[in-house]
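Notes follow once the structure below has been shown.
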There are 2 protein chains.
Amino acid sequence: MDIIKYPSKEQWEESLKRPALDTTFLFDKVESIINKVYTEGDKAVLEFEAQFDKVQLSNLLVSKEEMQDAESCVADDLKDAIRLAHKNIETFHAAQRFEGKKIETSPGVVCWQKAVAIDKVGLYIPGGTAPLFSTVLMLAVPAKIAGCREIVLCTPPNAAGKVHPAILFAASVAGVDKVFKIGGVQAIAAMAYGTESVPKVYKIFGPGNQYVTAAKQMVSLRDVAIDMPAGPSEVEVLADETANPIFVAADLISQAEHGVDSHSILITTSEALVDKVKIEVDRQLAQLPRRDIASKSLESSKLIVVNNMEEAIEMTNQYAPEHLIVQTGNYMDVADKVINAGSVFLGPYSPESAGDYASGTNHTLPTNGYAHAYSGVSLDSFIRKITFQELSSQGIANIGAAIEVMAQNESLYGHRNAVSVRLATIKTEK
Amino acid sequence: MDIIKYPSKEQWEESLKRPALDTTFLFDKVESIINKVYTEGDKAVLEFEAQFDKVQLSNLLVSKEEMQDAESCVADDLKDAIRLAHKNIETFHAAQRFEGKKIETSPGVVCWQKAVAIDKVGLYIPGGTAPLFSTVLMLAVPAKIAGCREIVLCTPPNAAGKVHPAILFAASVAGVDKVFKIGGVQAIAAMAYGTESVPKVYKIFGPGNQYVTAAKQMVSLRDVAIDMPAGPSEVEVLADETANPIFVAADLISQAEHGVDSHSILITTSEALVDKVKIEVDRQLAQLPRRDIASKSLESSKLIVVNNMEEAIEMTNQYAPEHLIVQTGNYMDVADKVINAGSVFLGPYSPESAGDYASGTNHTLPTNGYAHAYSGVSLDSFIRKITFQELSSQGIANIGAAIEVMAQNESLYGHRNAVSVRLATIKTEK
């Protein structure tokens, strides 16, 4: 962890630099897998499962029996925790429901938006050492609230052909319709194009390794929508002298354990805090099971001291962190000035872990500075707002002449004529 | 225009087929232009303007004098029309402002969303025979309402190095900050990466030819966000026996004049209507200045007769049209059942032209079936919703144990520890 003291503005970009991210170089490799799934369907998927997940499957769909068995395999304390998280995520996302208002923009011209769920959505949950049941909740709960008619989930099975019971339990609690034992690029391709078993969906959500990311990007170029571009996870802690160094250190480490390319930075107005945090990080790291990963990613981590809170906030908005933890005396004032971030955690008792699991906010968030342009996943991600307009004869009479003039000046005479024939009819009827 | 009568469900896909769309084959060509602008900035842009727009520019920025001159060159009737359209677009989009509510998901756990404008946005307005000042309004008005701090517009100049005065007037009315004389791929690259003259933006909006589309897709893979994937424009008219064939024909033609790859279809329950529409199309086409383009695109157009309104609506939702005009007796009932469309025009007096110019709805809409997953441009397109959460000590005490259990089961011990250190502190304080 490098300590950077009072960098000049010219040094900010370098100080805030993230690990590089570009998966487009994988497009060729990924494309051949996608194309095979596109043309051969289930057969190709089964072959790729044998090749990449080292498993011989007879059936891609998780059966009802497997879903029921899973419930009995999950410990009661975890079930209760998942149910609590589900309730909070549901409460927060249900409050995001949109009701369009009818607006009369000119007399007789009424316009409105209607929110409609995306009919079929696909959720990808990566495999690996730990079962990411929390991500199942974060994606399936808003999909269900939005009213998506079909919610499909793909996740790689283990070598025995099984999906972790906690993932199946979370899927069942959240209302996923179908779970498939498919991982990696073949999962993305199956959901993008459909196979004999897997329904074609219109939008694909979820994290994954660089191959999954590349596959999502490729299919998004012409076939389906995706949630957002993905990159390594990151946290910024913004703190002043009132912050508890134990909490700050724990927050930096919790991000660092995600993977060796995770990015944790501290921006603070307090030199004294930096020294205490550094000591605390070393102490806590020694006790962490995943210390190898965390130590490695903390190597690229920065502890940055700045002159004042104004500068700290400006630097924060330049960095645009996925997660921002604000541990300052006046944290609500700071919150007002944050304009670029994915999700913000305010005060001493709001660790990132709260939002990762159970506060109710979503944990699928823009990384890599994408918070400058993207929001995290929310109910909005699962709906579209269709616009409607209804013009009465009075309405077209009021704005028709303006439309005719504009259409003519854009040389679109057919557009003008579509108004003219209506105005002529109204005149005749009078 | 082919007439298709009572197709079976198996024939629907073929009946609704759009002209093919894929610009990824242009990536190599486009990449070399992007890279040159990325490394050489203004110098490269000026060279490409000489090469592609056949113009020697000394300055890329449209000057204040040019902006003022433009105002005096635009006819009064067009100015008034632009001002009326501006007012209606502003009224409708201002009503889309979002206020987040604070939600207490568990006692002491408060979550909310805050809408924040994307700081810098770039708008692209294509050149060509006609000045698309209407698109200037459609993109700049919501950007201004959202509160984007810098709104940049690029549009190709003519051979004399001038931008059409109606574009400059619309930009001025709508509150665009800077207009640059740059077209094509070099404009997209300049806004994506910034040059000495052009500010780097975080999101790029606007239509364009296939090169512009490819460039937007390429830069969106890692650098900036884009509004949505673009394809040829399209309209569906959904009509029953009550529809006026003159209006239906005018609406099909108005779409067809956009370009030879535009797509116009009629889905109707009335055989009699189809015959009348076909006659009317021929009659109106003969009088249309752009009949060469319109006739060409109408070749791929379909007039489809179905058995009943239910089938018509199902087929419509499968097609997911960019523009849907509903001319039926019960059009409000139909509106309730539309789940896939960009913008919907209800009743006899709501031609697509109304929404293209002046009703207040946006005309930047999802084509190519993307309406299954994407909304059109709206105020949402220019903001992000940042989530915030504030947990009190009571809040973390309430949900902390659940977070610890979930984190442990995902093998994320650092995440658990970030909660544990806080719970320990709270206990000590008691």
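Chains B and A together bury roughly 10500 Å² of accessible area, counting both sides, with a 1.4 Å probe on protein heavy atoms only. In units of the compact-protein estimate 2.2 N^0.38 Å, the range A:1-129 shows a Cα radius of gyration of 1.78. Computed from the C-beta positions of B:Glu310 and A:Lys87, the FRET efficiency with R₀ = 41 Å rounds to 0.60.
Normalised Debye scattering of the range A:213-285 at q = 0.14, 0.23, 0.24, 0.27 Å⁻¹ gives log10 I(q)/I(0) of -0.54, -0.95, -1.01, -1.17, counting only Cα atoms as equal scatterers and leaving out solvent.
For the protein assembly as shown, the antiparallel share of DSSP beta bridges with both residues in that region comes to about 25%. Helices of chain A meeting both criteria, an alpha-carbon length of 18 angstrom or more along the long axis and an average Kyte-Doolittle score not below 0.5, with helices taken as full DSSP H segments, are A:133-146.
Averaging Cα coordinates gives a centre for the range A:215-263 and one for the range B:76-121; these two points are 28 Å apart. What does the C-alpha gyration tensor say about the overall shape of the range A:24-226? Classify as rounded when a/c is under 1.5, otherwise prolate if a/b is larger than b/c, or oblate. Verdict is oblate for the range A:24-226.
Put simply, when B:275-282, A:311-318 are sorted by average Cβ atoms within 10 angstrom per residue, most first, you get A:311-318, B:275-282.
Provide the percentage of antiparallel DSSP beta bridges, counting only those with both residues in chain B; round to the nearest 5. Bridges in chain B that DSSP calls antiparallel: roughly 25 percent. Measuring spread by the Cα atoms of the protein assembly as shown yields a radius of gyration and Dmax of 27.7, 87 Å. For the rotation carrying B onto A, the chain B residue whose Cβ lies nearest the axis, with the distance in whole Å, reads B:Asp380, 3. Beta bridges assigned by DSSP with both partners in the range A:85-205 are antiparallel in approximately 20 percent of cases. Remark: mean inter-chain Cβ contacts per residue of A:129-136 equal 3, using a 10 Å Cβ-Cβ cutoff to other protein chain atoms. Compute the label zone of A:Asp292 within the range A:203-231: residues whose backbone N is under 13 Å from the point 7 Å along Cα-to-Cβ. Within reach of a label on A:Asp292, which here means backbone N under 13 Å from a point 7 Å along Cα→Cβ, the range A:203-231 contributes nothing.
Counts of other chain beta carbons within 10 angstrom of each beta carbon in peptide B:376-386 average 5.
For A:Arg97 and B:Asp282, FRET efficiency with R0 = 60 Å and r from the beta-carbon atoms, rounded to 0.05? Rounded to the nearest 0.05, the efficiency is 0.80.
Legend: mean number of C-beta atoms from other chains within 10 angstrom of residue C-beta atoms, peptide B:111-120, equals 6. Over the range B:44-91, the ratio between the Cα radius of gyration and 2.2 N^0.38 Å evaluates to 1.66.
Using protein chains only (no ligands, no nucleic acids) and a 1.4 Å probe, work out which residues of the range B:275-301 have their accessible area cut by at least 30 Å² relative to the chain alone. Residues of the range B:275-301 that lose at least 30 Å² of accessible area once the other chains are added: B:Pro289, B:Arg290. Taking one quarter of the surface of the convex hull spanned by the alpha-carbon atoms of chain B gives a direction-averaged projected area of 26.5 nm².
How many angstrom separate the Cα center of the range B:274-316 from the Cα center of the range A:378-424? Using only Cα atoms to place each centre, the spacing works out to 19 Å. Counted residue by residue at 0.36 nm each, then reduced by the alpha carbon distance between them, the extension gain from A:Asn59 to A:Lys9 reaches 12.2 nm.
Each peptide among B:26-35, A:124-133 gets the average number of other Cβ atoms lying within 10 Å of its residues, and from highest to lowest they stand as A:124-133, B:26-35.
Highest average first, the peptides A:260-267, B:352-359, B:107-114 ordered by how many other beta carbon atoms sit within 10 Å of their residues are B:352-359, A:260-267, B:107-114. Surface composition of the protein assembly as shown: carbon and sulfur atoms hold 49% of the protein heavy-atom accessible area at a 1.4 Å probe. With its label point defined 7 Å out from Cα along the Cα-to-Cβ axis, B:Ser32 lies at 2.7 nm from the matching points of the other copies, in increasing order.
Net charge dipole, the protein assembly as shown: roughly 440 debye, given to the nearest 20, about the Cα centre with Cβ charges of +1 for Lys and Arg and -1 for Asp and Glu.
Placing +1 on the Cβ of every Lys and Arg and -1 on the Cβ of every Asp and Glu, with nothing else charged, gives the range B:24-226 a dipole about its Cα centre of roughly 580 debye. Taking a Cβ cut-off of under 13 Å around A:Gly329, the surrounding Lys, Arg, Asp and Glu residues balance to a net charge of -3, with basic ones at +1 and acidic ones at -1.
Projecting 7 Å from Cα along the Cα-to-Cβ direction, the label point of A:Lys278 sits 8.4 nm from its equivalents in the other copies, listed shortest first.
The values are calculated or read from the model by the stated rules, or taken from the named source; none is laboratory data. If you're wondering where the values come from, they're calculated on a predicted model, not measured in any experiment. Positions of Cβ are backbone-derived with ideal geometry, glycine not excepted, and every protein chain shown enters the neighbour counts. To get the accessible areas, we keep the full protein, side chains included, count just its heavy atoms, and leave off ligands, DNA and RNA. Shrake-Rupley method; radii C 1.70, N 1.55, O 1.52, S 1.80 Å.
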